[in-house]
Every structure is written in C-alpha cells, then in structure tokens.
1. Any chance you could run the full-extension gain for L197 through T364? It's 0.36 nm times the residue separation minus the Cα-Cα distance, nm to one decimal.
2. Helix 331-343 sits at what angle to the longest principal axis of the chain, using alpha carbons and giving 0 to 90 degrees rounded to 10?
3. Kindly flag which residue pairs out of K22/K149; K85/K122; K25/K306 have an alpha-carbon separation exceeding 26 Å in this structure.
4. For the range 149-166, what does the Karplus curve 6.51 cos²θ - 1.76 cosθ + 1.60, with θ = phi - 60°, yield as ³J(HN,Hα) per residue in whole Hz, taken in order and with x for Gly and Pro?
5. In whole Hz, what ³J(HN,Hα) sequence does the range 25-40 give by Karplus (6.51, -1.76, 1.60; θ = phi - 60°), x for Gly and Pro?
6. Mean-square fluctuation check for the chain, GNM, Cα pairs under 10 Å: which of N95, N274, N182 is largest?
7. In nm, what is the difference between 0.36 nm times the number of residues separating K340 and Y61 and their Cα-Cα distance?
8. Once you charge only the Cβ atoms, +1 for Lys and Arg and -1 for Asp and Glu, what is the size of the charge dipole of the range 111-232 about its Cα centre, to the nearest 20 debye?
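Any read-out appearing in this document is the output of simple, stated calculations on the displayed coordinates, not a laboratory observation. All figures in this text were calculated on a predicted structure; none of them were measured in a lab. With ideal geometry, Cβ positions are generated from the backbone for all residues, glycine too; neighbour counts draw on all protein chains shown.
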Amino acid sequence: MNRIAVLTSSRADYGIYLPLLKALKSDPFFGVTIIAFGTHLSPFHGYTLNQIFNDGFEVPYQIESMLAGDSGNAISTSMALTSLKFSDFWKNHQNEFDLVFCCGDRYEMFAAVVAGIPFGIKYAHLHGGEKTLGAIDHIFRHSITLASKYHFVSCEGHASRVSELIESEKNIFNVGALSLDNLTTLPLLSKEEFFELFGVDLNKPTILVTVHPESGSSEENAANAEELAKTLLELKKYQVLISLPNADTDGFVIRRRFLQLAAESENRVSCHENLGSQGYFTAMKYCAFLLGNTSSGIIEAASFQKWVINLGDRQLGRLQSNNTINIPFKQELFHQAINKIEQDPVYTGTNIYYKENVAGRICTILKALL
C-alpha cells in the first residue's frame, strides 16, 4: 500500500480533491490520509470539516491555525502560526507518507507546504502554472510549485509555465481540471432538495455570486463591493444567491456589505457560508449565470453551459474558455454584460479545462511513479 496524504485547508480545495479522494479510497493500491486545517476548523467559515465527515472520510489529523481577523497582520500571523504548527507535524510524521498532495494557491496551503521542505516532504501539486495577477495567491501558487516534485496541471499552457518555473519538463502531467470529475461522480440535488437545504427556490431566475477581495486596499475592495451591491439591488427580475468570501485579506469588507445587501433586498438576496460541493454545483446547474471573480467561474462554469461575468483583476492571467465576459467593477458595465447574456442565455462552446476521468488519470500516473 502506498501512503498518500492530502492537505486540505478550505471548502474550495476540498471540492477539487473530492473525486481524487474517492478514487484513492476505493483502490487498494493506496492508503489515503486527510490532513485538515485552515478554515475547515473555523466556525466563522461554517466548520466545513463536517462536510468531509458527511462524505464518509475520516480526518485523523486536524490542525488549527486560523485567526478571526483578515487584516494584513492577521493573515501574516496565521501564515506564521500555520508554519509553526506544521513544523511540529512534519517532524513527527515525516516518514509516514510516500506522497503529500497540495492544491492551488492559498496562503495557509503555502505555509503548510513550506514547513515541510526541511524535512524532505515529497509533494504533488494540483493547479500549478496558473496566473491570478489580481490576488496575492499568485505568489503562493508559484512558490508551492517550486516546493513540489510532481505537478498535475489543468491545461497545456499551465504545463508550459510550470516547466519554466522548475526549469525542467520532468514530472509535469497535463491531466485537466480535477474538479470537473464531479460532473459525473457527484449526484446533484433536485431543485426541491436544494430548497429544503438552503431555502432558495431555483425555479426563479437566479444569479450565482462569489466575490473575493483583490490585492488592493480595503478602500478599493469596499468600493467594488458597493458598486456590485447597487447593481444587484436594481436587478429586480433576478434573485441573488451569494456564496460568501473565503478567509482572504480584507474579505470582511465584502462579507459585511453582502450581509447588509441581503437585509436590504426584501428577501431577494441570500448569503450562504458554505453550500458544499454538491450544493454549489447544483446552484451552478440551475442559475441563469455566474457573477464574481472566483476560479469556479473560469474553470467549471463552461461545463454547465453557463456564462460568467468575471469582475476586476483577481483572475487576471488565468486561461479562459469563451464563456467569460471580463469587466471592471463598474455599474454601467454590469448592465451591458447582463444584456448580452440575456440575448444568448446558453453557452454552447467548449471548456478548455475539461478532460475525462482526471482522478483515474492521476491514479494511473501515481502507480507508475511510486
């Protein structure tokens, strides 16, 4: 049995990992261990550790390291605390795993990975080589790439960038976006089931909104949130389903404005801490379109034939399918983009990130490597 560990720090990366976790668990060639930390253990962010348990997985290692604040100082301190706690963890478990999976670009993922470098931890990185120039995550992603031995990337352009970063073409595998396996392996909710769980009637025209802060100032993020809130209040023919921001620097200013918006909207806007992978993909399936600056709009929405209005610079540099309409946080441009979508409401193009059975591809590669 080859011992595989998976580092998961948030609802976002867990949703990506889920098909791989299922594949590893079902294959006797592997033994899989989940190491949960970050917002998974934060009641403020919905204590999403419960989602992992509900999916039938054990979590033998749970490492708390998050602070409640989202200032630059709080984020930096959380990074230091995460590295400190993982330095002890890797010291005690450095010989326990043959390979450790890490995903993406989060600061807490970076802190956990960096702490393992002196112990020679062997990492496999998902979603390396991507760019998000409007967020500090961009720095962390490339750093995690440099710390990793194996690279499972989402498309050929990202494979080329990883090759440039590590100055080698070895151990880079273009497998596609793992989260898209959920389209075939994750049963979605009916509209009735979704209503029972979240109180939102997806029979109504719905905008699915997820907005995270950019790497600018608190004032800029507050202004962006205000510009979007004013627009959403004007769109009377739509209900708005908001998935609240992750634990990012200055995320609270956006979170606070969205919660105020829900109170102002006469029950037309609802905010949710955590829809879970099943709930989020269900909302994506039935919504009219997506609005925000999250990677799920760039990577996953095209497979649901959904248009995405991508706001601002957070995703700047990430390769996109043709379903993406890029605009700044400007009220008049919101209306122009929505009018364009309403004239042609179903996206009929392809998704550049899609490949079949990504989890199976990764498992096959691992069997040849380990």
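1. Using 0.36 nm per residue and subtracting the Cα-Cα distance, I get 56.4 nm.
2. 90 degrees
3. Where the Cα-Cα span goes over 26 Å, the pairs concerned are K25/K306.
4. Karplus values, whole Hz, x for Gly and Pro: 8, 10, 9, 10, 9, 9, 6, 5, x, 6, 4, 5, 5, 4, 4, 5, 5, 8.
5. Here the 3J(HN,Hα) series is 5, 8, 9, x, 5, 10, x, 10, 10, 9, 10, 9, 7, x, 6, 4 Hz.
6. Among N95, N274, N182, the largest mean-square fluctuation in the Gaussian network model of the chain belongs to N95.
7. Stretched out fully, the K340 to Y61 stretch lengthens by 95.6 nm.
8. Result for the range 111-232 is approximately 480 debye, rounded to the nearest 20.
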